[in-house]
Every structure is written in structure tokens, then in C-alpha cells.
1. Please compute the length gained on full extension between Glu101 and Asp13, using 0.36 nm multiplied by the number of residues separating them and subtracting their Cα-Cα distance.
2. At 0.36 nm per residue, and after removing the present C-alpha to C-alpha distance, how many nm does the segment from His74 to Leu88 gain when stretched out fully?
3. What's the longest bit of the chain with no exposed trypsin sites (Lys or Arg not before Pro), using DSSP loop states and at most 13 other Cβ atoms within 10 Å as the test?
4. Under a straight-distance cross-link criterion of Cα-Cα below 23 Å, which lysines are reachable from Lys44, leaving out those fewer than 8 residues away in the same chain?
5. Going 7 Å from the Cα of Gln45 along its beta-carbon direction, which residues of segment 91-121 have the amide nitrogen within less than 19 Å of the resulting point?
6. What share of all Cα pairs of the chain, in percent, falls into each consecutive 5 Å distance bin?
7. Using mean Cβ contacts within 10 Å as the protection proxy, how do 93-106, 45-58 order, highest first?
8. Based only on other Cβ atoms within 10 Å, what is the fewest-to-most ordering of Val62, Val112?
Amino acid sequence: MKLFRSDLIQGLDHRLFEIPVEEIESDEIAFTGTTIPLFIHSTKQPDGYQLHLEGTIPYLLVCDRCLEEYTWNHPLTFDLRLTSNQTLMQSQEEDLLFFPETMLEVDLTPAVRDYLLLEVPMKKLCRESCKGICPGCGINLNQNSCRCEASTQPSPWDVLQQLTNGDH
Ligand SMILES: [Zn+2]
Ligand SMILES: [Zn+2]
């Protein structure tokens, strides 16, 4: 996803960019649909531009409990700063992108990918009340019920057996 200097000179006023999901997707992150919508607002600064990005990101996640895919629409805002100041670049601040006067365009994809990755939740649940998978028969308990309900709580004996099995 590239921004052109000509557009920045004119100024971006919450302009909508639709980023193809292939540009961002990796082994660690996936999305529902074909594009990710991001609105970008730019502000001119002495050494470059301040960018404000916002959008509702359609994350495609896999539920920890039932292992089904679900969409998590997550509102996200973050800022990036484009600067031609090399000294500033050495400060290693995270939201800085180098944009020297000679560059006509800048690729935002790596920075956007980093921000989207940071937001992936540690705990993924399709819903708070997700019933998960029956440990007895493997059925998705959100969609079906089964006859092994009595055994969904492991007994002290089961726990002991697992410990013993794991300790050859
Ligand atoms: Zn679930
Ligand atoms: Zn079952």
C-alpha cells in the first residue's frame, strides 16, 4: 500500500484506502473479505507528514474453544510519522518512517502489518459463552449436544491418569 508524495502535498482528508488482504496476510494473521478499509488523514510537518489511520479491521480468527473460524470486527486507530530527518530516524521510535525529500512514494504495508499484528488478541473466543468442543466425542457443543455431557468435567482420576501417562 503506497502513498504518493503528490497526494500528501495536496493533503489527505480521511481518504479511504482499501488494502488487498493479500498484502497484509501471513501465517500469523488473516482477514475476512478481500480488502481492509483504512481512512488516512495527513498533516504537514516541517520534516514530513503526520498520518492518522483508522478503520474497522475484519480479523479472521480461530476460536480457542470450538476451533471454528469467526470474524472479529475491531475498530483501530494509530499514527505514523513520515520524516526526512535522519537524526530523528536514529531515535528508533516505532511510529517513524523514513521519507526523504527525494522519495516520491512510501510503502506503508510493513508498518500497517505490524500494527494489525499487535492487535491480534491472545485469547480468541467466537463468543463469551462458547461451549467449545466435547472432550468425549469432539462434537461442537454450540451446534449440537451429545450424550457424553456427564464426562465433560474431568474427574480427579482422569487428571491423575493423564499425569501418569505423560510421565513415562
Ligand atoms: Zn467458539
Ligand atoms: Zn460428546
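Every number here is computed from the coordinates shown, using simple stated rules; none is lab data. Bear in mind the structure is a predicted one, so any value in this text is a computation, not a measurement. Here the Cβ positions follow ideal geometry from the backbone for every residue, glycine too, while neighbour counts run over all protein chains shown.
1. Going from the current span to full extension adds 29.5 nm.
2. 1.9 nm
3. The longest such stretch corresponds to 1-122.
4. Partners within reach: Lys2.
5. The answer is 91-115.
6. Using 5 Å bins, I get a P(r) of 1, 7, 13, 14, 12, 11, 9, 7, 6, 5, 5, 4, 3, 1, 0 for the chain.
7. 45-58, 93-106
8. With the sparsest Cβ surroundings first, the list reads Val62, Val112.
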